[in-house]
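The values are calculated or read from the model by the stated rules, or taken from the named source; none is laboratory data. Quick caveat, the model's predicted, so the values are computed rather than measured. Please note: Cβ atoms are built from the backbone with ideal geometry, for glycine as well, and neighbour counts cover all protein chains shown.
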Amino acid sequence: MELEPVADLPEIRPGDDLAALIADRASLEEGDVLTVASTIVSKAEGRTADLEDYPLSGRAKELADRIGELTGESKDPRFAQAVLEESTELLIECPFLLTETRFGHICVNAGIDRSNVPDHDILLLPSNPTESAERIRSGLAAEGFEDIAVIVTDTCGRPFRHGQRGVALGWAGIPASRDWRGERDRDGRELGVTVQSVVDELAAAANLVTGEGAGGTPAVVVRDWSFGDLEGSDELFRSVEDDLVRQALREWEFTG
């Protein structure tokens with residue numbers, strides 16, 4: 001497998017055609033996977049905002065005050081308001097806001113970023129990253145690059161571990177996971193639970209190349225990688241009924 005960064009992309013502005021910009025700079029071949037950082041997808045889709053755009057609610061002020069009291073660091077209640085408006089559920093309220101976004105991703109602060117946002121206060125995640133991936137894929141096809149899978153990525157922290165890793169938010173032209181259940185291990189035992197999150201693993205691999213900070217590049221071409229003959233699935237975000245951690249958090253909040 002090879003990973004090649006797409007160099008020399010300009011600062012992205014609302015309305016920019018990401019597919020055309022990438023097609024002009026990338027060496028793409030049929031079967032490649034293109035990973036695109038959610039930051040530039042959001043910028044192209046105009047997902048920037050200013051904190052003054054959010055009318056403050058009592059709930060946001062309560063959350064900000066509570067976090068400030070516990071951590072000793074003040075939190076702008078307008079930021080808390082933005083998080084609430086980008087979320088469908090608040091799983092943890094303190095010492096940080098763990099939320100479910102409107103497209104099903106669970107992360108801190110609804111994935112809202114306060115860095116790399118020239119002329120604005122905050123950058124929101126794409127409203128529907130899978131639709132964003134589909135638009136980029138269609139745009140690449142219109143530029144003459146057929147059968148290019150697209151993954152919209154972000155970086156995300158993980159429970160019980162230091163550091164962040166790349167994860168997939170949306171994808172097109174590739175299943176989210178491949179199912180090893182029913183296959184055999186080296187000792188001949190049947191695998192019963194192994195479902196491999198392919199889009200997350202490709203996002204993490206690409207993040208090694210994109211890097212962080214001012215020197216990073218937001219798009220990477222993955223080549224000479226094959227999904228294989230296993231069954232694929234587009235299920236990535238667990239439902240509430242299937243999520244034991246979320247169920248435990250809800251029970252703790254109710255009993256606590």
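Conditions: (1) touching a Gly at 6+ places or on another chain (Cβ under 7 Å); (2) touching a residue at least 12 places away in the same chain (Cβ under 8 Å); (3) among the acidic types (Asp, Glu). Residue 190 meets all but one. Number of the miss?
(2)
Being in contact with a Phe, Trp or Tyr (Cβ under 7 Å, 6 or more places away or on another chain) and modelled with pLDDT of 95 or more is true for just one of 21, 51, 63. Which residue is that?
Going through 21, 51, 63 in turn, just one is in contact with a Phe, Trp or Tyr (Cβ under 7 Å, 6 or more places away or on another chain) and modelled with pLDDT of 95 or more: 51.
Tally up the residues in the range 13-53 that are free of Cβ contacts under 8 Å to residues at least 40 places away in the same chain and in contact with a helix residue (DSSP H, G or I) (Cβ under 6 Å, 6 or more places away or on another chain), please.
2
Scan the range 200-230 residue by residue and report those that are touching a helix residue (DSSP H, G or I) at 6+ places or on another chain (Cβ under 7 Å) and either among the small types (Gly, Ala, Ser) or outside the structural domain of residue 11 (by TED's automatic domain parsing) (or both).
216, 219
So which of 150, 193, 199, 167 ends up being out of contact with any Asp or Glu (no Cβ under 7 Å at 6 or more places or on another chain) and either farther than 12 Å from residue 33 by Cβ or of a type in the set (Gly, Ala, Ser) (or both)?
One residue alone meets the criteria, 193.
Hey, among the residues in the range 214-239 that are among the aliphatic types (A, V, I, L, M) and assigned to a loop (DSSP other than H, G, I, E, B), which one's surrounded by the most Cβ atoms within 10 Å (Cβ to Cβ)?
My answer is 236.
It is to be established whether one or more residues within the range 87-100 are of a type in the set (A, V, I, L, M), at pLDDT below 95, out of contact with any Gly (no Cβ under 8 Å at 6 or more places or on another chain) and loosely packed, with under 15 Cβ neighbours inside 10 Å.
yes
May I ask you to verify whether residue 39 is assigned to a strand (DSSP E or B) and closer than 30 Å to residue 220 by Cβ?
no
Do the conditions hold for residue 151, that is, is it surrounded by 14 or more Cβ atoms within 10 Å (Cβ to Cβ) and either of a type in the set (Ser, Thr, Tyr) or in the same structural domain as residue 199 (by TED's automatic domain parsing) (or both)?
Spelling it out, residue 151 is indeed surrounded by 14 or more Cβ atoms within 10 Å (Cβ to Cβ) and either of a type in the set (Ser, Thr, Tyr) or in the same structural domain as residue 199 (by TED's automatic domain parsing) (or both).
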